[in-house]
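Below you'll find the structure, written out as structure tokens, and then a few comments.
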Amino acid sequence: MIRSGSCQCGQARYEIDGEDLGLVICYCTECQKMSTGIATYSMVVPRSAFRLTSGTLKQWTRMADSGARNTAHFCPQCGVRIFHENPDAPDHIRVKAGTLDNARELVPDVHVWTGSAAAWIDIPAGALRYEKQGDPTQILAASSARRAGADV
């Protein structure tokens, strides 16, 4: 399966070749600031599955609450973030799912930083959730198990 996406102005376009490893909604305050909304929606993919097909991206790095580095890759023209990565864990990236050409069929596997979510957010009953970040390895394993139909 090949999925495609772009920034808002269209200068930066990309393709993802293959299945994603998980879909995560993050309600942390940093994601709220970045999106100027209630959360961000990220698709975890192997770095090898991602290919920038046009344009160039700029980078900005910050330290996450966990102590991990978080590098954002964004369009220098319109400022839209295309993906994030932890340079210390280079095998996976987190593509901002809202930049996909067709993201409306996507259903989240995991909700993280629910303790920072707005009080009126209604996370579906039975949804996999973490009060804070959660361990990335456990999140990917739980996402895989949920997709396979196992109870987690």
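Out of Pro108, Pro76, Pro90, which single residue is farther than 17 Å from Glu15 by Cβ, out of contact with any Cys (no Cβ under 9 Å at 6 or more places or on another chain), at pLDDT 85 or above and in a loop (DSSP other than H, G, I, E, B)?
Details: Pro108 fails: at pLDDT 85 or above; Pro90 fails: at pLDDT 85 or above.
Just one listed residue meets the conditions, Pro76.
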Is it the case, given these coordinates, that Asp65 is under 17 Å from Trp113 (Cα atoms), assigned to a loop (DSSP other than H, G, I, E, B) and either of a type outside the set (A, V, I, L, M) or modelled with pLDDT of 95 or more (or both)? yes
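Looking at segment 1-30, which of its residues are in contact with a helix residue (DSSP H, G or I) (Cβ under 6 Å, 6 or more places away or on another chain), modelled with pLDDT of 85 or more, crowded, with 20+ Cβ neighbours inside 10 Å and in a strand (DSSP E or B)? Full working, then the answer.
Residues of segment 1-30 in contact with a helix residue (DSSP H, G or I) (Cβ under 6 Å, 6 or more places away or on another chain): 5, 16-18, 21-22, 27-29.
Remaining after also requiring modelled with pLDDT of 85 or more: 5, 16-18, 27.
Restricting the remaining residues to those that are crowded, with 20+ Cβ neighbours inside 10 Å gives 5, 16, 27.
Hits for segment 1-30 are Gly5, Ile16.
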Pairs, please: C-beta under 8 Å, at least 6 apart or cross-chain, first residue within 19 Å of Pro108 (Cα to Cα) and in contact (Cβ under 8 Å) with a residue 60 or more places away in the chain and in segment 23-40, second assigned to a loop (DSSP other than H, G, I, E, B) and charged (D, E, K, R)? Leu23/Asp109; Val24/Asp109; Cys28/Asp65
Which pairs do you get when a residue that is more than 14 Å from Cys7 (Cβ to Cβ), found in segment 83-106, comes within reach of a residue that is assigned to a loop (DSSP other than H, G, I, E, B), reach meaning Cβ atoms under 6 angstrom, with the pair 6+ apart or on two chains? Asn86/Ala68
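The values are calculated or read from the model by the stated rules, or taken from the named source; none is laboratory data. Remember, predicted model here, so these are calculated numbers, not experimental data. Virtual Cβ from ideal backbone geometry, glycine too; neighbours counted across all protein chains shown.
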